[in-house]
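The values are calculated or read from the model by the stated rules, or taken from the named source; none is laboratory data. The shown structure was predicted, so the numbers you read here are calculated from the model rather than taken from an experiment. Cβ coordinates were reconstructed from backbone atoms using ideal geometry, including for glycine residues, and neighbour counts include every protein chain displayed.
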Amino acid sequence: MQADATETLARYIYSKNHYKASDRTVKYAAFVPQKDNNRLSVFRISGLEENKIWEIAKDLRAQPLLARADIKATSVFEASLAIERDDTPPGHANIVDWPEEDSDIKLKAMALAERATLLMR
Amino acid sequence: MNMAVASSSSNWSSFSTRPSGERTDHYSSWKISESITNVISQMRQSETFRRLPNSLSEVYRECSRADWDGYGALAITSNTYQEARSVINALPLSMPLPDIVAEPTGEIGFEWRKGKGYIFVVSVGGKYQMTYAGLFGGNSVHGSEYFDRTLPQTVIQHIRRLYS
């Protein structure tokens with residue numbers, strides 16, 4: 001199932017290497033998909049309260065949650081990528097349809113990072 | 001004697017000596033070359049330029065184990081770290097310094113950012129290959145090049161384009 005273009009997605013960040021606090025930018029690497037399955041894990045957060053948005057990811061990973069990058073679904077579609085909802089856990093989705101070439105993946109990740117908004121924990 | 005000083009160790013081919021009346025033997029050429037090497041070496045030891053190796057070491061320390069990003073990232077290997085060091089040594093001194101970024105694929109990226117929508121990234125993964133991508137306002141590029149201690153001209157041109 002696809003996501004609506006007006007939705008907002010959150011990419012949770014657990015590595016300080018994936019954002020720059022001084023100029024509040026998200027690094028492209030935060031949007032590079034996993035090599036083994038070519039998927040990028042995100043959560044659909046439209047309509048959720050701020051504290052609930054942080055709550056979702058608090059205990060998902062072993063690493064402490066540091067920040068998140070919010071991005072509109074429309075930016076994903078403009079990059080010729082797709083969003084696949086799986087709701088496991090609830091609200092979870094993957095950004096899919098990444099190209100095969102590594103450099104092309106990097107370019108799309110850069111395009112997403114440029115459109116994302118950084119929010120610090 | 002006129003000299004054209006290369007801005008980088010990767011650009012030694014553009015270094016030239018031109019005798020003007022006086023005789024230049026191998027020894028004096030070697031002395032000049034050594035002097036310039038020393039100057040470049042001193043410049044690379046400067047506070048600003050030392051930031052890069054320090055930053056690289058920090059990234060390597062933090063990301064040399066698997067799953068460092070919480071999403072199953074591949075560990076950065078010592079081969080990749082060494083190749084990234086070669087990139088730093090090959091960077092022209094005249095260029096702005098990049099940020100160093102760990103990628104979930106186990107690669108190390110160098111990111112030059114001029115402003116929103118103007119960004120160029122080149123990365124290495126210990127396989128003698130550079131992958132690059134750039135956004136230049138409405139235009140974009142991406143590709144890959146062979147890398148063995150010398151920065152490919154294509155990459156240099158793209159970085160120059162970013163700041164032109």
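Each residue in region B:72-95 was checked for being crowded, with 21+ Cβ neighbours inside 10 Å and aromatic (Phe, Trp, Tyr), and 0 of them qualify. When B:GLN157 is tested against (1) away from every other protein chain (no Cβ under 14 Å); (2) more than 29 Å from A:GLU78 (Cβ to Cβ), exactly one condition is not met: (2). The set of residues from region B:155-164 being over 13 Å from B:GLN129 (Cα atoms) and out of contact with any helix residue (DSSP H, G or I) (no Cβ under 9 Å at 6 or more places or on another chain) comprises B:GLN157, B:HIS158, B:ILE159, B:ARG160, B:ARG161, B:LEU162, B:TYR163, B:SER164.
Criterion applied to A:SER46, A:SER22 was being more than 10 Å from chain B (Cβ to nearest Cβ), surrounded by fewer than 17 Cβ atoms within 10 Å (Cβ to Cβ), under 27 Å from B:ARG113 (Cβ atoms) and free of Cβ contacts under 8 Å to residues at least 60 places away in the same chain, and the one residue passing it is A:SER22.
Among the residues of region B:120-132, those that are assigned to a strand (DSSP E or B) and either closer than 24 Å to B:GLY70 by Cβ or over 16 Å from the mean Cα position of the chain (by Cα) (or both) comprise B:VAL121, B:SER123, B:VAL124, B:THR131. Taking B:GLY115 as the residue in question, decide whether it is of a type in the set (Gly, Ala, Ser), farther than 28 Å from B:THR37 by Cα and in contact with a strand residue (DSSP E or B) (Cβ under 9 Å, 6 or more places away or on another chain). Judged against the criteria, B:GLY115 is not a match. Checking each residue in region A:25-43 for being crowded, with 17+ Cβ neighbours inside 10 Å and at pLDDT below 95 picks out only A:GLN34. Filtering region B:101-116 to residues that are in contact with a helix residue (DSSP H, G or I) (Cβ under 9 Å, 6 or more places away or on another chain), more than 8 Å from every other protein chain (Cβ to nearest Cβ) and either part of a strand (DSSP E or B) or aliphatic (A, V, I, L, M) (or both) leaves B:ILE108, B:PHE110, B:TRP112, B:LYS114.
Checked against (1) more than 8 Å from chain B (Cβ to nearest Cβ); (2) of a type in the set (Phe, Trp, Tyr); (3) over 22 Å from A:SER103 (Cβ atoms), A:TYR14 passes all but a single condition, namely (1). Annotation note: of B:LEU74, B:LEU97, the sole residue that is at pLDDT 95 or above and part of a loop (DSSP other than H, G, I, E, B) is B:LEU74. Could you check, for region B:125-148, whether at least one of its residues is over 29 Å from A:ARG11 (Cβ atoms), buried (at least 16 other Cβ atoms within 10 Å of the Cβ) and more than 12 Å from chain A (Cβ to nearest Cβ)? Yes, there is a match, as at least one residue in region B:125-148 is over 29 Å from A:ARG11 (Cβ atoms), buried (at least 16 other Cβ atoms within 10 Å of the Cβ) and more than 12 Å from chain A (Cβ to nearest Cβ). Is it true that some residue in region B:44-65 is within 25 Å of A:ARG24 (Cα to Cα), out of contact with any Phe, Trp or Tyr (no Cβ under 6 Å at 6 or more places or on another chain) and of a type in the set (Gly, Ala, Ser)? Scanning region B:44-65 turns up at least one residue that is within 25 Å of A:ARG24 (Cα to Cα), out of contact with any Phe, Trp or Tyr (no Cβ under 6 Å at 6 or more places or on another chain) and of a type in the set (Gly, Ala, Ser). Tell me, yes or no, whether region A:95-112 has at least one residue that is at pLDDT 95 or above and in a strand (DSSP E or B). Checked region A:95-112: at least one residue is at pLDDT 95 or above and in a strand (DSSP E or B). Restricting the first member to region B:52-69 and to residues that are touching a residue at least 60 places away in the same chain (Cβ under 8 Å) and at the interface with chain A (Cβ under 10 Å from one of its Cβ atoms), and the second to residues that are of a type in the set (S, T, N, Q) and part of a loop (DSSP other than H, G, I, E, B), no beta-carbon pair is closer than 7 Å while six or more apart or on different chains. If you check A:VAL76 against the conditions, is it touching a strand residue (DSSP E or B) at 6+ places or on another chain (Cβ under 8 Å), away from every other protein chain (no Cβ under 14 Å) and under 24 Å from B:ALA66 (Cβ atoms)? For A:VAL76, the condition - touching a strand residue (DSSP E or B) at 6+ places or on another chain (Cβ under 8 Å), away from every other protein chain (no Cβ under 14 Å) and under 24 Å from B:ALA66 (Cβ atoms) - is not met.
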